[in-house]
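Q: For reference, the structure I am asking about is given below.
Just so you know, all these numbers are worked out from the coordinates, no wet-lab data involved. Because the structure is predicted, anything quoted here is derived from the model rather than measured. Virtual Cβ from ideal backbone geometry, glycine too; neighbours counted across all protein chains shown.
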C-alpha cells in the first residue's frame, strides 16, 4: 500500500496537499544467492563421498602365449563332506595332506597358481575350506574353474 505523506510547508499549500510515493517492492536476492552457493559447496564436497565404487582387479587382455610350467588342478568332489578327500590333478588325497603336497609342487614353480574345480553340489563353505588350505600352502593365485554354457 502506498505511503501517504502530507506536505506541511508552514501553513501555505503549494501544488497538491498530499504527496503519494510508491515503495519499491523488489525482492532482495543476495541472501538467496548466499544460501544457494553454500548448498552448492556442501553438495560438491559430499557427492564424491556418497559414490562408492567396487575395487576390481581386471585381467589384462593379451595374445595367447605358451603356458610355462604345468597347471595344477585341485578338484573338490561332491562327496567331500563325507570323505574329506580331494583330487590333486588325478590323484586322490586327504585334505589334511593337501597343504604339504601343494607346498612340494609349488617349491620350484615360478608361477604359484592353482586351479580349483568344485562339483556343483559342494557347499560354498567346503570350497572355501580347500581355498584357505591352498593359501596357507603358499599359493599366490587360485583360479576357479567353471564350465561354459553347453559344455559337458
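Q: What distance in nm separates the two pseudo spin-label positions at residue 110 and residue 135, each 7 Å out from Cα along the beta-carbon direction?
A: With each label placed 7 Å out from Cα toward Cβ, I get 2.7 nm.
Q: Under 12 Å from a label point 7 Å along Cα→Cβ of residue 145: give me every residue in region 116-136 with its amide N that close.
A: Backbone N within reach: 116-119.
Q: Along the Cα→Cβ direction, 7 angstrom out, place labels at residue 25 and residue 50. What is the inter-label distance in nm?
A: Distance between the two pseudo-spin positions: 3.8 nm.
Q: Determine by what factor the alpha-carbon radius of gyration of region 65-129 differs from 2.2 N^0.38 Å, reporting the quotient.
A: On the way: Rg = 12.5 Å, N = 65, 2.2 N^0.38 = 10.7 Å.
Compactness ratio reported: 1.17.
Q: Suppose R0 equals 25 Å; then what is the FRET efficiency for residue 96 and residue 124 from their Cβ-Cβ distance, rounded to the nearest 0.05? Spell out each step's value before the answer.
A: Values: r = 21 Å, r/R0 = 0.83.
Calculated transfer efficiency: 0.75.
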